[in-house]
Structure formats: C-alpha cells, structure tokens
Amino acid sequence: MKKKILIAAIIIFLCAGIYSYHHNFLVAKEREDNFYKELDIFAQALAVIEEKYVQKKPPQDLIYGALDGLLSSLDSYSEFMSPDEYKDLLVETEGKFGGLGIEITIKDTLLTVVSPIEDTPAWNAGLKPGDIIVKIDGKITRGITITEAVKKLRGEPGTKVTLTVLRDKDKKIEDVTIERAIIKIKDIKRATMLEDGIGYIRITEFRENTAKELDKGLEELKKSGLKGLIIDVRNNPGGLLDTAIEVASRFLENDKVIVSTKGRTEKEVVYKSLPVKEKYTNIPIVVLINKGSASASEILASALRDNKKAILLGETSFGKGSVQTIIPLSDNSALRLTTALYYTPSGLSIHEKGITPDITITTEKNPQENKEDVFENLEKKSEFDYKKDYYIVRAVDLLKGILVLKDNRNQ
C-alpha cells in the first residue's frame, strides 16, 4: 500500500513539474509572439517611411533615430550612442578640453542641473541644483541626450557658452554666459575644527583620492580633540561607488551593509563596509544634504543614517539611484542602459525620490537665504565664517546636545 502511495506521489510530482514547465513555456512563447508581433509593426512603419517619406533617408539614420527614441523612452539615464559618441566616451580627454564644472541629467525630458561643482565656472556663474537649461547657445535642448549636451557644453578653455536657464526657485528665464576652463576639483574642500570639539569636513565629489584626502583631514581633526563631526555633502553630485564605500567604511564597523544593487536579470549585489586603518565609529555625526546631493552622496548619507551612525539635516536629496551599463553593439555604437537600482541598507530605493532628512531645513526657516545664497557667499570669502551658514549652525547645536547627553550617561 505504501509503495502504491509513493508511486502515486511521484507521478503527481512529475505531472506537476511537467504542467509547470509547460505553463511557463506557453507564457514565454506568448510573450515572444507578442514581441515579434510588435516588431512586425515597427518593420511596417520603417518600410512605409523608406518608401514614401518626402526625402530619401539612409537606413542607418532611420535605425539610429529609432534607437534614440527607444532608449530615451526607458528612463532619463538610458541612451543610444552612435559610433562617434561611443568613441568620444572611450577616448581619454582629460586636459584637452574645457568644461563648466556642472553635473547634468535629463529629468522629465528636460536638461536639468543636478549640481554645480564648487569653485568651477558653473558654480561661480550662480547655477543652482534644479535649474533647467532651456537652450545652449540659442538652440533649444528639448529632446537632447546627456551625451549630446556634454558635447555642446565642452569646448576649448577660454571659450564661452551661453545657457538659457529656467530657475527652479523663481521660475524666471535668464541667459548665463560662462567661460570654459580646465576643471580642477579639490575633493575635500575643507577640514576644520569649529568649536567645542566639533569638526567639519566638506566633500565636493567622490573621486579616486577622496578617501585618502579624507583620512588626512580626519587625522588633523583627531589631533585637535575631535568629539563630533559634521560631514557636508551639499551640492555634491556624487562620483565613484567604490569611493563612497571607502568613505562610509571610515565611520562604520566592518561588514555593515552600505548599499545594494538589484536588477531584473542580475543577482543582488551587496556592498559592505571594509576594514580600514583608522575608524571613527564612536563619535556623533551630522550629515548635511540638499537637493544638489546626488548618487554617491546619497549612498553615504543613507548608509550612515540606516546604520544609526548619523543624523541627516537639510533638504531632500536629488534622487539619483540607478546603475548604468555600457553595452557595445556590433557596428561600434553602444547602449547606455539602466540595469539596476541602488537600495539603502533598510531596503529602500532612492531613485527619483531622494532621501528625506531627519531634520528638514527650508529657505523659509532660514531668513538669510531668502535674500541671498548664504552658502555660496560664505564660500567665496577668504575666511570661513560658518556662523553665517544656518545649516552648520543647526548641526553644531545638535551635536552639542548629543555630546551633553553622552557625557551625562557616562557619569
């Protein structure tokens, strides 16, 4: 009897497996049939254009145009690159071109400023996060790709480009003429002691040497009696993922989750904090963010907050949390394709949402900022007067309170 039951169970199991396989096969077949049905429509449209359009167009122009539209319909960061554009991406051009020092993206089909980088022509010209570049040298930018925009913005050092900008803040349109220059960025803008053992470090971008420069700054602060730290990544457009992980590792115990990536076909990849020579895990930290904080800045901020190592203060960040992969095609063109999203240690995606700070500061809460950009003006001065920066003043007060509580608990 038991033998019959076992045989029956095996038969049921095999039948279930066959049914499941057959069902999945039919679903995949239906999906494939639907795909090729839609592809037939595309082929029909292409044939009609080839035959009846008022001007004769090379087949490559038609296909490239279709691919442009296809990739731009996916998201703001995916795009098709022609062989020339892909070649430009691969060629090392450092020191051979002038730039503005600006991070840009396509947001809601509009060319948008993520953030100007400090001490660059774009920064000095007053460009702000969220500004929409309506025209470049009088030519409308609607429909432009990131690659095309970068090409137009770059040029010989000393030459000028005029941007027609729609201000995100007051919705006014104005022309801004900027002179291109060789962009030289200082990763750690400032590392200084403020008061009562509270240190301040400003990170302008995440590049290859940022972690090493950070170590130097932290070491100097430590010698001066570091008790609490403000990490300022306002208007930091991001940079290298590996560097963001290295920086975060300075403030986290080993093997703590910093960020993970998940894609449709790729397995989840989890990035954890690394062993480093010197760690700063026992000091309270406040991270300053604003709407110009993007990508690697958001990874750092969320990693420290989710691991309960920092309080975030400022504005909701930009929301750049996707991974792009360059995929070459057979004719030397290429696809820049979004293949995964970044997820915070708590499992949230920040893409197109940004990070909401623990303590929000808006211009309405800072009367000085209604009149002028205090943050920008204080950086232009020869001496760093942090007391005129409302964000920093709030962060200092917050850290003072935390340090008092910490001292009381230790007594």
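Structural remarks
- VAL276 passes every criterion in (1) farther than 27 Å from ARG394 by Cβ; (2) modelled with pLDDT of 95 or more apart from (2).
- Restricting GLY225, GLY217 to residues that are touching a residue at least 24 places away in the same chain (Cβ under 8 Å) and under 19 Å from GLU118 (Cα atoms) narrows the list to GLY217.
- When we screen ALA47, ALA28, ALA16, ALA43 for residues that are modelled with pLDDT under 80, over 30 Å from LEU341 (Cβ atoms) and either touching a helix residue (DSSP H, G or I) at 6+ places or on another chain (Cβ under 9 Å) or assigned to a helix (DSSP H, G or I) (or both), the only hit is ALA16.
- Pairs with Cβ under 8 Å, 6+ apart, first in the stretch 79-107 and closer than 9 Å to ALA334 by Cβ, second at pLDDT 85 or above and among the basic types (Lys, Arg): PHE80/ARG336; MET81/ARG336; GLU85/LYS151
- Strands (runs of 3 or more DSSP E) (entirely within the stretch 105-204) containing at least 1 residues that are in contact with an Asp or Glu (Cβ under 8 Å, 6 or more places away or on another chain), at pLDDT 90 or above and within 30 Å of ALA248 (Cα to Cα): 110-116, 188-195, 198-203
- Filter pass, ILE63 being in a strand (DSSP E or B), at negative phi and either modelled with pLDDT of 85 or more or not hydroxyl-bearing (Ser, Thr, Tyr) (or both): no
- Flag for LEU70 being crowded, with 20+ Cβ neighbours inside 10 Å, out of contact with any Lys or Arg (no Cβ under 7 Å at 6 or more places or on another chain) and of a type in the set (A, V, I, L, M): no
- Restricting the stretch 121-157 to residues that are of a type in the set (Asp, Glu) and surrounded by fewer than 17 Cβ atoms within 10 Å (Cβ to Cβ), the residue that is nearest to TYR86 (Cα to Cα): GLU156
- Meets criteria (part of a helix (DSSP H, G or I), at pLDDT 85 or above and not aliphatic (A, V, I, L, M)) for ASP84: yes
- Of the criteria (1) modelled with pLDDT of 75 or more; (2) more than 19 Å from SER293 (Cα to Cα), which one ASP358 fails: (2)
- The set of residues from the stretch 385-409 being under 29 Å from the mean Cα position of the chain (by Cα) and crowded, with 17+ Cβ neighbours inside 10 Å comprises TYR386, ASP389, TYR390, TYR391, ILE392, ARG394, ALA395, VAL396, LEU398, LEU399.
- Residue ID - farthest from ILE355 (Cα to Cα), chosen from residues in the stretch 235-254 that are in a loop (DSSP other than H, G, I, E, B) and either touching a Gly at 6+ places or on another chain (Cβ under 8 Å) or modelled with pLDDT under 95 (or both): LEU240
Conditions (1) over 30 Å from VAL134 (Cβ atoms); (2) surrounded by fewer than 18 Cβ atoms within 10 Å (Cβ to Cβ); (3) not small (Gly, Ala, Ser), marked per residue:
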position	(1), (2), (3)
LEU163	no, no, yes
LYS172	no, yes, yes
ALA181	no, yes, no
LYS184	no, yes, yes
ILE188	yes, no, yes
THR192	yes, yes, yes
ASP196	yes, yes, yes
ASN209	yes, yes, yes
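- Applying the condition of being touching an Asp or Glu at 6+ places or on another chain (Cβ under 6 Å), of a type in the set (Ser, Thr, Tyr) and assigned to a loop (DSSP other than H, G, I, E, B) to the stretch 306-352 and asking which residue is surrounded by the most Cβ atoms within 10 Å (Cβ to Cβ) yields SER317.
- Some residue of the stretch 293-304 being at pLDDT 95 or above, surrounded by fewer than 20 Cβ atoms within 10 Å (Cβ to Cβ) and within 26 Å of ILE402 (Cα to Cα): no
- Hits in the stretch 115-145 - residues which are touching a helix residue (DSSP H, G or I) at 6+ places or on another chain (Cβ under 9 Å) and among the β-branched types (Val, Ile, Thr): ILE117, ILE133, ILE136, THR141, ILE144, THR145
The values are calculated or read from the model by the stated rules, or taken from the named source; none is laboratory data. Note that the structure is predicted; figures quoted are calculated from it, not measured. Backbone-built Cβ (ideal geometry, glycine too); neighbour counts: all protein chains shown.
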